[in-house]
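Here's the structure, in structure tokens; my notes come after.
Bear in mind these aren't lab numbers, they're just calculated from the coordinates by the rules spelled out. None of these values were measured; they are calculated from a predicted model. No Cβ is skipped: glycine too gets one built from the backbone with ideal geometry, and neighbour counts run over all protein chains shown.
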């Protein structure tokens, strides 16, 4: 099957509701009126292509990319790896995966983050890579710290890494978060719990992957990602563009 | 019991949070040159064919506040209606652009070429919006009030005809347009699921 054609309509039950009173900022930022659901058009079925010339060797190494290998970031060294596939189970090759995260103390390098955990002079907190032909990607980073955030009286974010994935069509665009196996804060987090389908939340929790780790160096976590797919049918017959 | 399906479910979305700039536009976020340049900084390069337009706007929450932490991505065809990557596309049109609400004013600006008609659709720019408090990225479109929008397959499906106006960039000057986004309220923008 080709990399063209209509996208499978988004299954909104796979995603959080926009309105969730336990995540207070969502209350005023969630549309009240229904989304207008329509078949994808050429606009959603095409998307930007990023080439390998964009990526430099340290871009996917958050331990080293902020100092350009002058000094490593502080924290527990981990490798995060996985595969990007679509709903049909097909690999999504050569697609851009971007991540960002807090440092080991739970602090972001951002002007708006006022948590008093210290900044790590050797840690920026962003990385990017392209998937290979089989859809695989990997990052080296440090395990991010949990941190408190202003929501209800005492809310904490579990350890997490933000993921941004493009796919090959603008309609596949997705931002999500990866959590870590065994973190007791996941079940208490109002943002994680915006996902009402428990199995969908479980799929955001990356298991410890001893087989992908390196003795005396780093642990590994595996995080697979599924993007929207394209309709697979032998009976496709549609007017151009809609 | 029945046979299992081979299809997978899409990974659940989560909010981009307030620090999306770190991951997507780190130079804008003040991280310095982690990358040589932020991705998607320019929708067009010098020499792009067509009318250069500047679209300015704000994004308002349900309390009427133009919030400061949204990030936007746009995707469009060139002035002839050809998308980047398709045969004959204008090599100076990137089509994709990333931009953010200003941290002080909340205003965003997109400088690009006015798109042509593609696939029987009126000229439009696809917009994807993420921010803290937005659990799944919001899709909408920028159309132009001074273009022929009759027969557009998306606009024609908006039942409450007065809401079409929420997708229209308003001309404010020569090549200048205003496009405000309202997440809630009487003028709530039409958001798409396409």
Please give the calculated 222 nm ellipticity per residue for chain B, where each DSSP H segment of at least 4 residues contributes -39500 (n - 2.57) and the sum is spread over every residue; nearest 500 deg cm²/dmol? -500 deg cm²/dmol
What is the Cα centroid distance between the range B:101-124 and the range B:2-79, reported in whole angstrom? 12 Å
Dividing the surface of the Cα convex hull of the range A:12-227 by four yields a projected area in nm² of 13.6 nm²
Taking other Cβ within 10 Å of each residue's Cβ, how do B:128, B:75 sort, fewest first? B:128, B:75
Chain A: relative contact order in percent, alpha carbon pairs under 8 Å with at least 6 residues between: 26 percent
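Please state, as a whole number in µm²/s, the translational diffusion coefficient that the Stokes-Einstein equation yields for the range A:1-116 at 20 °C and 1.002 mPa s, with Rh defined as the Kirkwood radius across alpha carbon pairs.
Details: Rh = 19.0 Å.
Calculated translational D: 113 µm²/s.
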Evaluate 2.2 N^0.38 Å with N set to the residue count of the protein assembly as shown, then give the Cα radius of gyration divided by it. 0.95
Scattering curve values for the range A:99-241, log₁₀ I(q)/I(0), Debye with Cα scatterers, q = 0.15, 0.16, 0.22 Å⁻¹: -0.89, -0.99, -1.59
Translational diffusion coefficient of the range B:108-162 at 10 °C, 1.306 mPa s, Stokes-Einstein with Kirkwood Rh over Cα pairs, in µm²/s as a whole number. 122 µm²/s
How are the Cα pair distances of the range A:15-75 distributed, in percent, across 10 Å bins from 0? 16, 19, 17, 33, 14, 0
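Sorted from largest to smallest, which semi-axis lengths in Å does the alpha carbon gyration tensor of the range B:30-107 give for its equivalent ellipsoid, taking the root of 5 times each eigenvalue?
Those come to 28, 17, 10 Å.
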The range A:180-206 and the range A:101-164 have their Cα centres apart by a whole-number Å value of 17 Å
May I ask for log10 I(q)/I(0) of the range A:168-233 at q = 0.15 Å⁻¹, from a Debye sum over the Cα atoms as equal point scatterers with solvent left out? -0.64
Go ahead and estimate [θ] at 222 nm for chain A from helices alone: -39,500 (n - 2.57) per DSSP H run with n ≥ 4, summed, over the residue count, rounded to 500. -1000 deg cm²/dmol
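Using C-alpha positions alone, give me the convex hull volume of chain B per residue in cubic angstrom.
Working: hull volume 36.3 nm³, N = 194.
For chain B, the hull spanned by Cα atoms encloses 187 Å³ per residue.
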Quote the relative contact order of the range B:20-182 in percent (integer), defining contacts as alpha-carbon pairs under 8 Å separated by 6+ residues. 25 percent
With springs only between Cα atoms under 10 Å apart, run a GNM on chain A and tell me which of A:82, A:153, A:106 wobbles the most. A:153
